Every structure is written in C-alpha cells, then in structure tokens.
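Below is a structure I'd like to ask you about.
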Amino acid sequence: MDTLEQPNLTRHASLLPDTGEPGFGVYVHWPFCAAKCPYCDFNSHVRHQPVDQERFTAAFLKEMATMRQLSGPKTVTSIFLGGGTPSLMNPSTVAAILDGIAREWNMPDGIEITMEANPSSVEAERFRGYRAAGVNRVSLGVQALNDRDLKFLGRLHDVEDALKAIKLARDIFPRMSFDLIYARPKQTVEEWERELKQAISYAVDHLSLYQLTIEEGTPFFGLHKMGKLVVPDDDQSALLYEATQAITAAEGMPAYEVSNHARPGAESRHNLTYWRYGDYAGIGPGAHGRLTRGPVKLATATERKPEAWLELVERDGHGMLDQEQLGYDEQADELLLMGLRLTEGVDLARWQQLSGRDPDPKREEFLLEHGFIERIGNSRIRCTPSGMLILDSVVADLAC
C-alpha cells in the first residue's frame, strides 16, 4: 500500500455523537477554483498557473497560530475545508492543515472533518488520500442531475461525472452529502420532484438543497437585470420549497435547517456550530470567524484576495483586516438570526441572558397567532414551516 493510503487511525474513529452543544469549529478556506460559476458570489478565484501549495500551507499554519492566541485553549468539535474547490488541494496539503489544527487545539478522535469537492476534480486516488489524511465527510457540489441545467449553471462536470463522484464518496468516506440548486428557470414542481427523488436514491444521509438566488456582482445578476434570465416568482418558489419539505420528510431526510436535510444523527456538526451560535476560527483568504473573549464575541474577517492575504500573513502572522467586538445586543441578534434557521429552534434562556430581556409579548403573540412560530415547552422557540418562508421578517419582529 502506498504511504498516502496509510490511515491515520487517530482520525478514523467512529464519529462522535452530537451533544446538542454549540461546540468549537475550525473553518479553512481554499480560495481557488478551476472555473467561476455564473451564480457564485463566494470568495473563489481562478488561477491559470499552478498554485504554490507549500507556500499557502505555511501561511495557513501561521494564521492558525494567531487564531489560537485569540481563541485560547479549545476542544475542536468539527473542521470544515471549504472554498473555492478544496478538492484541488493535494492530499499532503490537507494532511498538513489537519496536523496543524491538532497542534494548536485539542482535537479528539472521531470529530467530524468535512471537505467540499467538485465532481469534476474527483479522482479515486485523491479521495483515498484525503481519507488517509483524516477527512471523514465529503460534501459534493453536484447542483443538478441533468446535463442541460449543469451547463446552464456553468458546471464543469456532467451527470455521469456526478454519479461517479457520488459512488466514490459513498465507498471511501463514512459520511457524504451533496448539494443541489433548485428554483431554476422554467423548472416545474413536477420536474423538481422527480429530480429530488432521484437524488435521495443516491444520497447516504445528508442533502443540501438551495434555491437559486441572484447575487449582485455575478454574471447571472447582469443577465437577470437585462431580463435575459427569469427565475421562478415568489409563489412558484414557495411551491418548490413546500414540495422539497414534503418529499424529504416522507423519505426520512427531513429538514433540520432551512436548506439542509439529514437522516437522524447525520446532521452536519460543523454547520450546527454556526447555527447554534458557537465559536469558530476562520482561516484563509476571505474567512470569517467568531471567537468569544470574556463579555464580547470577536468577529474576524480576513483579506479576500489570495495573494494579498498570503503577503499579509507572511508579514504579520495573519491576514485579518477586521476584528469587530460584538456586544451582548449584537450577539443576541446573531443568535436569533442563526438559531431560527434550525428546526430545533433557539434556546430562549440563552437569548434572554444575552439580550437582557424577554421577547416582546405583543410581537410574539402576533407571530404565534398567525402560525409563524411556536414554543417548544418553556425553553425554546422555533419557526413553523410557514414561518420559514418569511424567516427574515420573523427574525426582525422578534429582535425588536
């Protein structure tokens, strides 16, 4: 067996169960892609020359050490390698990053370690290399299961590539998820129902299902503004969303968050850290973080341009451009904004402790009467399916 395939047994234990606590995550952003998709407003960049992975790895480790100074000693509960396209990294790069995290923080056996991958960049040998490095969960950017829409979305893979990647991921990793984008132009409810049922037949335990949104600064934004790209209206989008909830629930993969569906116990631990408003260190170009320091939570943000970030890290030990101190009121608002995305809802006692007040009884009563929120015992509050359709409005009402 090649040395790349020798498993790091300390990272191959069974995944630890979800404790229900927010936890502490580490997010590492690999900013490079083979091509820029026309709908994407993420911090991703195309480079036509090979990326100096050794130099970027050294910078990741250097910024990691700075984040450890800010966070203090922590026990990591999840790691997420996002992008960009992290599956363009060499397995040795991934191994070095994970080793660095283990040096800086306490990293127990069996934590969730997720890597995003694009089907077009998937090779069996690389997947085995990532598994040997310690990755135990992969998230595939499939996005559609027909070649026409994959081409429209600017993807480099076709359906055959996607199914090959899904099979490899199922064979190699303990856990696997893939993304689909729906509410595409002219998409009917019936078409989406067929595609979703097909996706569920390929899925293992998790799916991320996002409605197509038109983001400013993307090629789709310009086409939409000129009337050359028409997306479903609000009524059609609502029908597509409702069909999504019904089918996934019937198939044993109900929503645990607005756009994420899982079999019980297979929810993304890392994303739960975000939505439960836990702390996380954000490392790499354009990464964001939240680190609690006494009465404040530090919101960090790094330089987005990869080469500029690299130079900052090599000079200063980090690429942070912003460190904003969030007071209790701001933390309470963020807790509400994130937590109401979850079907488990928000811990009211935690929100009251941060905000120093109870929810406005009149506003709460209005939302309860109209079926947009519900109480779970005396300790939690959550959005109903109807409330999820107007989530931003519900959050704004409760936060006032």
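Among the residues of the stretch 366-386, how many are closer than 25 Å to Tyr328 by Cβ and either part of a helix (DSSP H, G or I) or at pLDDT 90 or above (or both)?
8
For the stretch 138-153, how many residues are open to solvent by 10 Å² or more (accessible area, probe 1.4 Å) and either farther than 15 Å from Leu180 by Cβ or part of a loop (DSSP other than H, G, I, E, B) (or both)?
So the count comes out to 3.
Which is assigned to a helix (DSSP H, G or I), surrounded by fewer than 21 Cβ atoms within 10 Å (Cβ to Cβ) and in contact with a Leu (Cβ under 8 Å, 6 or more places away or on another chain), of Ala299, Ala238, Ala249?
Numbers: Ala299 fails: assigned to a helix (DSSP H, G or I); Ala249 fails: in contact with a Leu (Cβ under 8 Å, 6 or more places away or on another chain).
After applying the criteria, what remains is Ala238.
Scan the stretch 183-212 for residues that are touching a strand residue (DSSP E or B) at 6+ places or on another chain (Cβ under 9 Å) and of a type in the set (Val, Ile, Thr) and jot them down.
Hits for the stretch 183-212 are Ile200, Val204.
Consider Gln198 carefully, then state whether it is under 30 Å from Arg350 (Cβ atoms), surrounded by fewer than 20 Cβ atoms within 10 Å (Cβ to Cβ) and either free of Cβ contacts under 8 Å to residues at least 60 places away in the same chain or outside the structural domain of Ala65 (by the TED database) (or both).
Criteria not met by Gln198.
Scan the stretch 62-121 for residues that are touching a His at 6+ places or on another chain (Cβ under 9 Å), polar (S, T, N, Q) and at pLDDT below 95 and report the count.
Residues in the stretch 62-121 being touching a His at 6+ places or on another chain (Cβ under 9 Å), polar (S, T, N, Q) and at pLDDT below 95: 3 in total.
Right, something else. When both residues are 6+ apart or on different chains and their Cβ atoms are under 7 Å apart, which pairs have a first residue that lies in the stretch 165-185 and is open to solvent by 10 Å² or more (accessible area, probe 1.4 Å), and a second that is modelled with pLDDT under 95 and of a type in the set (Asp, Glu)?
Sorted first by the residue in the stretch 165-185, then by its partner, the pairs are Arg175/Asp205.
Is it true that Asn118 is among the polar types (S, T, N, Q), touching a Gly at 6+ places or on another chain (Cβ under 7 Å) and either under 30 Å from Ala246 (Cβ atoms) or open to solvent by less than 30 Å² (accessible area, probe 1.4 Å) (or both)?
yes
All but one of (1) open to solvent by 40 Å² or more (accessible area, probe 1.4 Å); (2) farther than 17 Å from Lys151 by Cα hold for Ala203; which doesn't?
Of (1) open to solvent by 40 Å² or more (accessible area, probe 1.4 Å); (2) farther than 17 Å from Lys151 by Cα, only one is false for Ala203: (1).
Residue-wise test of (1) open to solvent by 60 Å² or more (accessible area, probe 1.4 Å); (2) closer than 30 Å to Leu156 by Cα; (3) among the aliphatic types (A, V, I, L, M).
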{"position": "His45", "(1), (2), (3)": "no, yes, no"}
{"position": "Gln53", "(1), (2), (3)": "no, yes, no"}
{"position": "Ala59", "(1), (2), (3)": "no, yes, yes"}
{"position": "Met64", "(1), (2), (3)": "no, no, yes"}
{"position": "Ser78", "(1), (2), (3)": "no, yes, no"}
{"position": "Ile97", "(1), (2), (3)": "no, yes, yes"}
{"position": "Arg103", "(1), (2), (3)": "yes, no, no"}
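Can you pull out the residues in the stretch 280-296 that are open to solvent by less than 40 Å² (accessible area, probe 1.4 Å), touching a residue at least 60 places away in the same chain (Cβ under 8 Å) and assigned to a strand (DSSP E or B)?
If the condition is that a residue be open to solvent by less than 40 Å² (accessible area, probe 1.4 Å), touching a residue at least 60 places away in the same chain (Cβ under 8 Å) and assigned to a strand (DSSP E or B), then Tyr280, Ala281, Gly282, Ile283, Gly289, Leu291 are the ones that fit.
Only one of (1) assigned to a strand (DSSP E or B); (2) in contact (Cβ under 8 Å) with a residue 40 or more places away in the chain is not met by Gly129, so which one is it?
Gly129 satisfies every listed condition except (1).
So, one more: Taking Ala250, is it in the same structural domain as Leu153 (by the TED database) and either within 19 Å of Glu116 (Cβ to Cβ) or within 17 Å of the chain's Cα centre (by Cα) (or both)?
Here the answer is no, as Ala250 does not meet what is asked.
Under 7 Å between Cβ atoms, which residue pairs at least 6 apart in sequence (or on different chains) link something in the stretch 149-160 that is more than 15 Å from Thr85 (Cα to Cα) with a partner that is among the aromatic types (Phe, Trp, Tyr) and surrounded by 15 or more Cβ atoms within 10 Å (Cβ to Cβ)?
Close Cβ pairs (under 7 Å, with a partner that is among the aromatic types (Phe, Trp, Tyr) and surrounded by 15 or more Cβ atoms within 10 Å (Cβ to Cβ)) amount to Leu153/Tyr39.
Continuing with the same structure: Please state which one of Ser379, Ser393, Ser355 is closer than 21 Å to Leu272 by Cβ and either among the hydroxyl-bearing types (Ser, Thr, Tyr) or open to solvent by 30 Å² or more (accessible area, probe 1.4 Å) (or both).
On the way: Ser393 fails: closer than 21 Å to Leu272 by Cβ; Ser355 fails: closer than 21 Å to Leu272 by Cβ.
Answer to the selection: Ser379.
The values are calculated or read from the model by the stated rules, or taken from the named source; none is laboratory data. It should be emphasised that the depicted structure is a prediction, and the values quoted were computed from it without experimental measurement. Glycine also receives a Cβ, built like all others from the backbone with ideal geometry; neighbour counts cover every protein chain displayed. The protein model used for the area step is the full one, side chains on, heavy atoms only, and it has no ligands, DNA or RNA in it. Shrake-Rupley method; radii C 1.70, N 1.55, O 1.52, S 1.80 Å.
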